[in-house]
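Written below as structure tokens is the structure these notes are about.
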Amino acid sequence: MLKVGLTGGIGAGKSEVSRLLVACGAVLIDADRIAREVVAPGTPGLAAVVEAFGAEVLTEDGGLDRPRLGSIVFADPEKLAVLNGIVHPLVGARSRELEDAAPEDAVVVHDVPLLTENGLAPFYDVVIVVDADPGTQLDRLVRLRGMTEDDARARMAAQATREERRKIADIVIDNDVPLPDLQARVREVWADLARRARTE
């Protein structure tokens with residue numbers, strides 16, 4: 001099994017790269033998706049979040065109000081640390097379960113937004129960083145995700161810098177390119193990963 005850590009700044013296009021890798025044959029473990037699962041209604045994770053931040057972070061139907069919680073934690077590093085302390089251990093445990101269930105010869109891609117920030121690079125055989133110019137990221141967040149420019153900038157500022165991410169990368173995928181170029185680059189990277197998996 002080849003364990004790959006995939007990361008990139010918000011709006012860099014990491015989700016598109018992970019989709020392309022899955023199409024090539026990768027087994028994907030998506031930390032964001034798991035992070036949503038572990039705070040779903042009725043979970044101990046959601047109960048812990050409500051205990052830490054109050055009932056105002058819930059929607060009317062009892063789910064987590066992500067935009068509300070985001071506006072609280074991304075403006076306050078201490079509150080973000082509290083949230084991460086609740087969610088990250090739950091995500092880690094579930095990720096390990098999914099990895100254990102993957103075939104022995106699989107290329108397992110862990111899509112981890114905060115891989116750099118949390119010092120997780122040593123836990124992977126290969127770290128891939130999806131890289132884009134900060135201006136590109138900002139444009140995507142405002143235009144495609146409907147964020148305000150201030151909110152987008154706050155979320156970008158809460159993450160590692162572009163330089164910090166590139167420093168831990170074994171492979172960098174430039175996503176300031178047209179989609180066909182990105183697809184070609186991902187196929188190239190996949191061939192490399194498959195080769196490494198055979199020799200692990």
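The values are calculated or read from the model by the stated rules, or taken from the named source; none is laboratory data. Since this is a predicted model, take the numbers as computed values, not measurements. Don't worry about glycine lacking a Cβ; one is built from the backbone with ideal geometry, like all the others, and counts go over all protein chains shown. Accessible surface is based on the protein model in full, side chains and every heavy atom, while ligands, DNA and RNA are left aside. Shrake-Rupley method; radii C 1.70, N 1.55, O 1.52, S 1.80 Å.
Worth pointing out:
- Residues of the range 101-121 that are open to solvent by less than 30 Å² (accessible area, probe 1.4 Å) and not aliphatic (A, V, I, L, M): His110, Asp111, Pro113, Thr116.
- Flag for Glu164 being under 15 Å from Ala12 (Cα atoms), out of contact with any Phe, Trp or Tyr (no Cβ under 6 Å at 6 or more places or on another chain), touching a residue at least 40 places away in the same chain (Cβ under 8 Å) and not hydroxyl-bearing (Ser, Thr, Tyr): yes
This table checks each residue for (1) under 25 Å from Arg153 (Cα atoms); (2) more than 19 Å from the chain's Cα centre (by Cα).
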{"site": "Leu28", "(1), (2)": "no, no"}
{"site": "Ala52", "(1), (2)": "no, yes"}
{"site": "Arg66", "(1), (2)": "yes, no"}
{"site": "Phe74", "(1), (2)": "yes, no"}
{"site": "Asn84", "(1), (2)": "yes, no"}
{"site": "Leu98", "(1), (2)": "no, no"}
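- Scan of the range 154-170 for residues that are aliphatic (A, V, I, L, M), in contact with a strand residue (DSSP E or B) (Cβ under 9 Å, 6 or more places away or on another chain) and open to solvent by less than 50 Å² (accessible area, probe 1.4 Å), ordered by number: Ala160, Ala169
- Scan the range 131-147 for residues that are surrounded by 14 or more Cβ atoms within 10 Å (Cβ to Cβ) and either in contact with a helix residue (DSSP H, G or I) (Cβ under 7 Å, 6 or more places away or on another chain) or at pLDDT below 90 (or both) and the total you get is 7.
- Unmet requirement for Ile173, which otherwise passes all of (1) at pLDDT 95 or above; (2) of a type outside the set (Gly, Ala, Ser); (3) open to solvent by less than 40 Å² (accessible area, probe 1.4 Å); (4) part of a helix (DSSP H, G or I): (4)
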